[in-house]
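S.K.: Would you mind keeping the following structure in view while I ask a few things?
Rule-based calculations on the coordinates, nothing more; no lab input. All figures in this text were calculated on a predicted structure; none of them were measured in a lab. As a convention, Cβ positions derive from the backbone with ideal geometry for all residues, glycine included, and neighbour counts pool all protein chains shown.
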Amino acid sequence: MKKYLLLCGGVGGAKLALGFKNTVNAENLGIAVNTGDDFTHLNLKICPDLDTVMYTLAGESDVSKGWGRKNESWNMLTNLENLSGETWFQLGDKDLATHIRRTELINLGNSLSEATYKICQSFGLPKFIFPMSDESVETYIQTKNRLLSFQEYFVKLKCEPPVTDFVFKGLDKAKFNKDIDLNSYDEIIICPSNPYVSINPILQLSGLQDHLIDFSNKVSIISPIVNAKSLKGPTAKMMQELGHEISVKTIAEFYKKYAKRIFVDTSDNDSASHLSSLGYEVFPTNLIMNNTQSKNKLAQEIIKVLESN
Ligand code: FO1
């Protein structure tokens with residue numbers, strides 16, 4: 001079997017990552033996760049996308065929200081509110097333990113990769129979840145009036161301010177995670193995550209970008225846009241605000257120099273000839289993942305195509 005590297009954001013990407021985890025052996029899977037939306041909150045190091053992927057793959061996530069732990073309790077947050085503390089970013093009691101432990105491990109001198117692996121081990125997961133980089137990259141959202149930090153935009157302001165651009169602070173000093181040996185992977189899958197804020201910070205890292213351009217024949221995109229709507233989150237809204245058509249064509253244009261294959265939903269089949277004219281091999285399939293069976297089925301479908309290519 002081939003070896004697969006997934007480039008992954010939070011909720012949308014984690015669904016496909018679960019399908020891959022249930023389909024391929026752990027040694028044939030690597031998942032590079034966006035850390036651009038990490039931040040320090042209440043003096044704790046919070047890594048929302050890493051935790052979303054970790055909880056999802058461990059069967060510990062709150063499936064209805066997509067982020068946070070299942071069977072969560074909220075005692076800390078209720079009491080913090082009584083003390084007039086900051087509660088706009090909801091930290092459940094179980095989830096809080098993860099942030100406390102990660103912060104402690106990092107303060108003890110562990111890299112983010114080492115801290116991630118130690119926490120993953122406690123959740124019974126092998127070493128296949130990696131932060132995209134051990135150096136800090138911070139995503140900012142440029143809006144008409146103000147530059148907003150990612151979580152301020154996403155959670156506090158509920159993605160409401162129209163977006164004009166994105167800024168990734170720290171990119172000049174950050175490198176793609178050295179624990180991920182790119183040459184050992186046969187296929188690289190861009191998960192159905194937000195291209196602008198979840199995948200682009202990963203793509204911009206030195207060490208990865210040139211590899212993708214040189215080996216674009218081993219890169220596949222799974223479209224996060226289905227029938228002119230986002231599978232999850234503000235992708236479609238951002239696309240429109242940036243002046244683009246909300247469609248798989250915009251996704252294909254965005255990734256053109258990095259990828260040669262695109263998986264689109266069967267409902268977007270009418271775009272296939274346009275995508276082919278951009279140089280893509282197009283694979284229509286069902287991209288809606290609303291239960292474990294459909295997550296597994298999509299991963300199996302992608303793997304079937306790529307194993308025979
Ligand atoms: N998303 C929300 O919309 N509201 C929250 O209060 C919130 C809290 C939260 C706590 C821990 C965590 O790991 C994730 C959390 N998220 C929350 C999700 C997260 O901020 C976003 O989904 C990602 O950053 C976007 O990928």
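S.K.: For the chain, with the dipole built from +1 on Lys and Arg beta-carbon atoms and -1 on Asp and Glu ones, taken about the Cα centre, which of Gly233, Thr292, Ala97 lies farthest toward the positive end?
M.R.: Of Gly233, Thr292, Ala97, it is Thr292.
S.K.: Another one. Run the reach check for Lys237 against aspartates and glutamates, Cα to Cα strictly under 16 Å, same-chain hits fewer than 8 apart removed. What comes back?
M.R.: Here the aspartates and glutamates satisfying the reach criterion relative to Lys237 are Glu160, Asp165, Glu245.
S.K.: Calculate I(q)/I(0) for the chain by the Debye formula, one identical point scatterer on each C-alpha and no solvent, and give its log10 at q = 0.10, 0.11, 0.12, 0.14 Å⁻¹ to two decimals.
M.R.: Result of the Debye calculation: -0.53, -0.64, -0.77, -1.08.
S.K.: Additional query: What 222 nm value per residue comes from the helices of the chain, counting each DSSP H run with n ≥ 4 as -39,500 (n - 2.57) and dividing by all residues, nearest 500 deg cm²/dmol? Spell out each step's value before the answer.
M.R.: Numbers: 11 runs with 101 residues, N = 309.
Result for the chain, helices only: -9500 deg cm²/dmol.
S.K.: What are the semi-axes of the equivalent ellipsoid of the stretch 48-184, taken as the square roots of 5 times the eigenvalues of the Cα gyration tensor, listed largest first and rounded to whole Å? Working shown, then result.
M.R.: On the way: eigenvalues 126, 113, 41 Å².
Taking √(5λ) for each eigenvalue gives 25, 24, 14 Å, largest first.
S.K.: In this model, which of Lys118/Lys304; Lys65/Lys295; Lys2/Lys127; Lys3/Lys173; Lys21/Lys304; Lys144/Lys173 are farther than 26 Å apart at the alpha-carbon? Could you put the intermediate results ahead of the total?
M.R.: Numbers: Lys118/Lys304 33 Å; Lys65/Lys295 16 Å; Lys2/Lys127 18 Å; Lys3/Lys173 29 Å; Lys21/Lys304 15 Å; Lys144/Lys173 28 Å.
With Cα atoms farther than 26 Å apart: Lys118/Lys304; Lys3/Lys173; Lys144/Lys173.
S.K.: What residues qualify as long-range amide H neighbours of Lys175, i.e. H under 5 Å apart, gap of 5 or more or another chain, H built at 1.01 Å from N?
M.R.: Long-range HN contacts for Lys175: Asp134, Glu135.
S.K.: Starting from the stretch 137-167, pick out the trypsin sites (Lys or Arg not before Pro) whose DSSP state is loop and whose Cβ has at most 13 other Cβ atoms within 10 Å.
M.R.: Values: sites: Lys144, Arg146, Lys156, Lys158; in loops: Lys144, Arg146, Lys158.
Counting only loop positions with at most 13 other Cβ atoms within 10 Å, the trypsin sites (Lys or Arg not before Pro) in the stretch 137-167 are Lys144, Arg146, Lys158.
S.K.: A further question on this structure: Taking the Cα centre of the chain as origin, sum charge times position over the Cβ atoms of Lys and Arg (+1) and Asp and Glu (-1), and report the length of that vector in debye to the nearest 20. Intermediate values should be presented prior to the final figure.
M.R.: Values: 33 positive and 36 negative charges, 65 e Å.
That gives the chain a dipole magnitude of about 320 debye.
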